[in-house]
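A short worksheet on the structure shown next.
The numbers here are math on the coordinates, done by the rules we state, and not lab data. This is a predicted model, so every value here is computed, not measured. So basically every Cβ, Gly included, is an ideal-geometry build from the backbone, and we count neighbours across all protein chains shown.
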Amino acid sequence: MTNEEIKQQADLMKAYVIRCRRAVHEFAEISGTEAQTSAFIQKEMEDSKLPYEKVSGTGLMAVLDTGRPGPHIALRADMDALPLPESEENLAGPRTCRSKNPKTSHACGHDAHTAMLLGAMKILKAWEDRLRGVIYFCFEEGEEDGRGADGMLKALGKRKVDVVWAIHVYAQLPSGTICVDPGPRMAGAAGVDITVIGKSGHGSRPDMAVNPVFCAASILTNAATAWVNQISAGETVTLGVTSIQGGESGNVIPDTAKMTGSLRFFNLEEGKKAVEVFRKVAEHTAAMNKCAVEFGPKFKVLCGPVINDREYASAAREALLDLLGKDSVVSCQPWYASESFSRWLKIYPGVFAHLGIKNLKAGSGASHHNSQFDVDEDALPVGVMAVLKFVDAMQKNDR
C-alpha cells in the first residue's frame with residue numbers, strides 16, 4: 001500500500017465514516033445496552049461480506065483471513081456512550097448531530113472510534129488480495145464500565161494474535177495530529193469505596209454518639225499526609241476522593257458515612273501500594289475515632305495503565321512520519337483517564353494512539369465526559385489512514 005493509495009482511499013471513505021459516526025452518535029447507548037449500535041455494525045460487516053461473531057452481549061468481531069502466512073493483527077474500537085445529557089451546542093455553535101436520547105451522549109468519542117474502524121475495515125476488505133495474515137476487527141461493548149474487555153479477550157484467546165492496535169480521540173491535541181509515544185499513555189485506576197461505621201445520635205451531644213462524618217474527614221486528611229510521605233518520589237498517584245456522604249439532617253449524627261472516588265497511576269505496583277496505604281490509614285483512623293470501616297467491592301485496583309510496547313510504538317511512529325509528516329506526528333503527556341485497552345496490552349504487545357480533535361472553529365476541544373464535548377469530523381480520515389498505515393507496517397515488518 002503506497003502512501004498515495006492510503007490517502008486517496010481514506011479521502012474517498014470520509015463521507016462514509018462521517019455517516020457512520022453520526023448514526024452511532026444519535027444512538028448514544030450506554031454500557032451494556034448498545035443494541036442499535038451493534039445491529040448497525042453487524043450490517044456493515046455483512047455488507048463487507050466478512051464472517052463475524054457476537055462477543056459477550058453486544059460486542060462484535062469480524063475476521064479477515066487472507067489465507068496467506070502473515071501477521072495476526074487485532075484492531076479495536078469501543079462503542080458505548082455515557083449517561084450524560086448533551087448540550088445543544090458545542091464550543092462554536094449548533095452541533096452537526098445530536099443524541100436522540102436526552103439522557104445519554106457520546107461525550108468521549110467512541111462514536112468516532114467505531115466509525116474509523118468501520119471505514120478501515122471496508123478498505124482492508126477491498127485490498128484483501130494484497131494482504132497477508134489475519135486481521136480481527138473488534139468492536140468492544142461497555143468500555144466505560146469495563147464489562148466488554150474480558151469477553152473480547154477471551155474470544156481472541158482462542159486465536160493467534162501477534163499485535164493489537166486502538167485509537168482514542170483526544171481533545172487536548174490539535175485536530176489531525178496523532179501520538180503513538182511508547183510507554184505509559186493512560187492511567188491505571190483504583191476505586192475508593194469505604195463505609196465508615198459510627199453510632200448515631202443527636203447533633204447537640206456528639207459525646208454520646210460516634211460521628212462517622214468526622215472520621216471520614218480525618219481519613220481523607222490523613223491519607224493526604226500519607227501520600228506525601230509514603231508514595232515514592234518520582235511516581236504519581238492522584239488522590240481523587242470526590243464524595244463523602246453522611247446523613248441528611250442538620251441535627252442528627254448518622255450511623256454511617258460513605259467515601260467514594262478513585263486513584264490514578266502510571267506504575268501498577270505503585271498503584272497497588274497506594275491502595276494498601278489507603279486501607280491502613282482508614283483502619284487506623286477509624287480505630288482512633290471508635291469507628292469501624294468496611295471496604296466495598298471497588299476498593300481495589302480496577303485496571304492497570306495503558307502502556308505502549310516500545311518496539312511497536314517506534315515502528316508505528318516511523319510509519320506515520322513517512323505517511324503524515326513530522327508536523328502531524330506529535331508527542332503528548334500521558335492522559336490521566338483510564339481505558340480498558342490496558343487489559344489488552346497486558347496480554348499482547350501493541351499501540352494505543354491518541355488522535356487530536358481540538359479545533360475551536362469547529363467547536364471541538366471541550367474536555368471528555370463534558371456536555372459540550374464534540375469531535376472534529378475532519379480529523380477522522382487521519383485516524384483511518386493511521387490504521388491502514390499500521391497494518392501496512394506490520395505486513396512489511398512481520399516478525
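Structural remarks
- The mean sequence distance of close C-alpha pairs (under 8 Å, at least 6 residues apart), as a share of the length of the chain, puts its relative contact order at 24 percent.
- Helix 35-47 and the longest principal axis of the C-alpha atoms of the chain enclose an angle of approximately 20°.
- Ranked by the mean number of other Cβ atoms within 10 Å of their residues, highest first, the peptides 32-43, 327-338, 299-310, 101-112 fall in the order 101-112, 299-310, 32-43, 327-338.
- Ordering of 199-207, 116-124 by packing [mean C-beta count within 10 Å, highest first]: 116-124, 199-207
- Expressed to the nearest 5 percent, the antiparallel share of DSSP beta bridges inside the chain is 65 percent.
- Oblate is the label for the stretch 1-83, because the ratio a/c of its alpha-carbon gyration tensor axes (a ≥ b ≥ c) is 1.5 or higher and a/b is not greater than b/c.
- Backbone amide hydrogens, once placed in the peptide plane, bring G201 within less than 5 Å of I253, excluding anything fewer than 5 places away on its chain.
- Among the listed pairs K14/K361; K100/K154; K54/K125, those with a Cα-Cα distance over 25 Å are K100/K154.
- The string of couplings for the stretch 159-167 from the Karplus curve (6.51, -1.76, 1.60, θ = phi - 60°) is 10, 7, 9, 9, 7, 10, 8, 8, 10 Hz, one whole number per residue in order, with x for Gly and Pro.
- For trypsin sites (Lys or Arg not before Pro), the sites in the stretch 240-292 that DSSP calls loop and that have at most 15 other Cβ atoms within 10 Å are K290.
- Ranked by the mean number of other Cβ atoms within 10 Å of their residues, highest first, the peptides 138-150, 61-73 come out as 138-150, 61-73.
- Full extension of the chain between E88 and K300 yields a length gain of 72.5 nm, computed as 0.36 nm times the residue separation minus the alpha carbon distance.
- Per residue, the average separation of C-alpha pairs within less than 8 Å and at least 6 apart gives the stretch 189-302 a relative contact order of 44 percent.
- When the GluC sites (Glu not before Pro) in the stretch 40-94 are filtered for DSSP coil states and for at most 14 other beta-carbon atoms within 10 Å of their beta-carbon, the remaining sites are E88.
- Once you reduce the stretch 200-239 and the stretch 12-86 to the center of their Cα atoms, the two points are 45 Å from each other.
- With Cα atoms defining each centre, the stretch 325-371 and the stretch 138-169 are spaced 17 Å apart in the structure.
- Computed from Cα positions, the angle between helix 380-396 and the longest principal axis of the chain comes to roughly 70 degrees.
- For the stretch 134-139, the Karplus equation 6.51 cos²θ - 1.76 cosθ + 1.60, evaluated at θ = phi - 60°, returns couplings of 10, 10, 9, 9, 10, 10 Hz by residue, with Gly and Pro reported as x.
- Placing +1 on the Cβ of every Lys and Arg and -1 on the Cβ of every Asp and Glu, with no other charges, gives the chain a dipole of roughly 540 debye about its Cα centre.
- Computed FRET value (nearest 0.05) for S200 with T242, which takes r as the C-beta separation and R₀ as 30 Å: 0.75
- Efficiency of FRET from Cβ geometry, R279 and Y336, R₀ 25 Å, rounded to 0.05: 0.65
- The alpha carbon convex hull volume per residue for the stretch 189-302 rounds to 85 Å³.
- To the nearest ten degrees, helix 14-27 and the longest principal axis of the Cα atoms of the chain are 30 degrees apart.
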